[in-house]
1. Could you line up 176, 395 from fewest to most neighbouring Cβ atoms inside 10 Å?
2. Just to confirm my numbers, what's the Cα centroid distance between the range 378-406 and the range 104-146 in Å?
3. Is the range 39-248 rounded, prolate or oblate when judged by the Cα gyration tensor, a ≥ b ≥ c being the square roots of its eigenvalues, rounded requiring a/c under 1.5 and prolate requiring a/b larger than b/c?
4. Run the numbers for residue 123 and residue 147: contour at 0.36 nm per residue of separation, minus the present Cα-Cα distance, in nm.
5. In what order do 102, 111 fall by count of nearby beta-carbon atoms within 10 Å, going from fewest to most?
6. Please arrange 266, 307 by counting, for each residue, the other beta carbons lying within 10 Å of its beta carbon, fewest first.
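The numbers here are math on the coordinates, done by the rules we state, and not lab data. All figures in this text were calculated on a predicted structure; none of them were measured in a lab. Cβ: placed from backbone, ideal geometry, glycine included. Neighbour counts: every protein chain shown.
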């Protein structure tokens, strides 16, 4: 039975991998011509960001975009450090920077986004986290996509500013793979994510759809689903590179991922009517079912793994009891011949093929990000160990959602 399960999972994985590889062969879609520069408002939500916000503002004021068409709105969420003082120094130098302040800390980005959107003058509305930076040509590469009125938002690829410890190095690999997959999704018009690191929206559309959801853990994912549901496409501009910091400790990393995964589960359920719905094209009949299959396979794999571990532990205890706790007899290391002959080819073969295809996509993701292969040890951990960590995070998130534990930032 276990062999059949492995074959089924590997077949689905290979099918999706080959599908994405074939999509990758398509060239980049022809970009729309921009005959004028639309006005753009970019909001920077900030809370106690005195150390990082200068970096973010420097990158924005140096954008290769007409300054008379640019507005930067910093929304301070009642910071207790010198964030406001830093921003005020920029306001003295640049007339297109404005500061909006909350009297009390609201604790979520959506409220800051809505605060800015209510007063923003731009036709387009962008967002940039205060701990992130953009390249000089990022905005001017994004804007042409939005000359198509059917496009609701354009997403940028994200790379890391710092990769010092193993947690950050693993996330570097993860972000590169995510950028690669998002670009493929955009080619199929099934992209259903926006991010906090330079996503640019059509301002009037977001207002018409009711602004950002302030009660949502992942308002960037929710607004992407809402845009898709209302007939707006999301685009990805692979050359509009941005950079950000990521959690550098296990505690912060765990908390961030639990928030992301709970937000994904909650919003997927909220927009469940899009599942298998032809009205939403490939997003309805391909991508959302694929998301569901992923969660089901994850749950099944976790249960099977837990069963195998429990069974192995039980068998070991029984053997120790039978042998009267003879550890030397229990720890009888087999030779190479026994190991080779003991391999279950029916299980090893599909797993090996899946690993080869995964490695191919891994290399393609590096090439797409113009990044060279680094940290070989970290790469092995990412490919063979990190999936188990991710599985535990997903299962914990599912358990919290089922138990209806209050969602917190």
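1. On the way: 176 23, 395 17.
By the 10 Å Cβ count, ascending: 395, 176.
2. That distance is 30 Å.
3. rounded
4. Length gained, residue 123 through residue 147: 7.5 nm.
5. 102, 111
6. Details: 266 18, 307 11.
Listing 266, 307 from fewest to most nearby Cβ atoms yields 307, 266.
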